[in-house]
Amino acid sequence: SHGHFDHIEDLIGVARDTGAPVVGIYELCDWLQRKGIQNASAMNKGGSQEILGLRITMTDARHSSGYVDDGRMVYMGEPAGFVVRLEDGMSIYYAGDTCLFGDMKLIGEMYKPDIAFLPIGDRFTMDPAAAARACEFLGVRQVVPMHWGTFPLLTGTPAELRRLVPAGVEVLELKPGETSE
């Protein structure tokens, strides 16, 4: 979704070890290719591509995107979100690290995501109240809170989100490595 250390620090090693495709904005993929990653698949906001049976569409996100590489801050392109249409037609919206923005309504109208992965930590992303409003804008039935609790400045909690989401929205609180059906 963007080039901050907490999103790409392990990316090069994982991409090399697994051979998994890496989808990202053009500038980030260019940097990855210069680091020797051959499986980077660049795109830009509004574009879509098919990878391994999934249709991936890049959407807007509001954040920043830079990485300290060899002692210098490097621009990694604009932050982004993604809508992923699965083989069975289910649609997932991964917001990346973002604040609430009005075009989430358009994402909801155009792509009709079933589930959203939304940051709730506050300070560097939206807080639980804004994420609850994003659920309303998106029209999702389920939300997975992310980007919370990993360090003290991230104060938003799934419990707070659960209190604020619109009626009928299920909050799926997952622990690292945990899965849900």
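The values are calculated or read from the model by the stated rules, or taken from the named source; none is laboratory data. Everything quoted here is computed from the prediction, not taken from an experiment. Note that each Cβ is placed from the backbone with ideal geometry, even for glycine, and that neighbours are counted across all protein chains shown. Please note that ligands, DNA and RNA were not included when accessible areas were found on the heavy atoms of the full protein model with its side chains. Shrake-Rupley method; radii C 1.70, N 1.55, O 1.52, S 1.80 Å.
Which ranges mark the strands (runs of 3 or more DSSP E) fully within the range 54-143 that have 2 or more residues being out of contact with any Cys (no Cβ under 6 Å at 6 or more places or on another chain), surrounded by 18 or more Cβ atoms within 10 Å (Cβ to Cβ) and not hydroxyl-bearing (Ser, Thr, Tyr)?
Result: 54-60, 80-85, 115-119.
Would you call residue 106 modelled with pLDDT of 95 or more and in contact with a helix residue (DSSP H, G or I) (Cβ under 6 Å, 6 or more places away or on another chain)? For residue 106, the condition - modelled with pLDDT of 95 or more and in contact with a helix residue (DSSP H, G or I) (Cβ under 6 Å, 6 or more places away or on another chain) - is not met.
Answer yes or no: is there a residue in the range 3-13 that is free of Cβ contacts under 8 Å to residues at least 60 places away in the same chain, part of a loop (DSSP other than H, G, I, E, B) and open to solvent by 80 Å² or more (accessible area, probe 1.4 Å). Yes, that holds for at least one residue.
Can we say residue 139 is without any contact (Cβ under 8 Å) to a residue 24 or more places away in the chain, of a type in the set (Gly, Ala, Ser) and at positive phi?
no
Could you list, in sequence order, all residues of the range 75-106 that are among the aliphatic types (A, V, I, L, M) and within 19 Å of residue 23 (Cα to Cα)?
Passing the criteria: 76, 80, 83, 84, 86, 92, 95.
Which of the residues belonging to the range 98-114 are closer than 20 Å to residue 2 by Cβ and among the charged types (D, E, K, R)? 103, the sole residue that qualifies.
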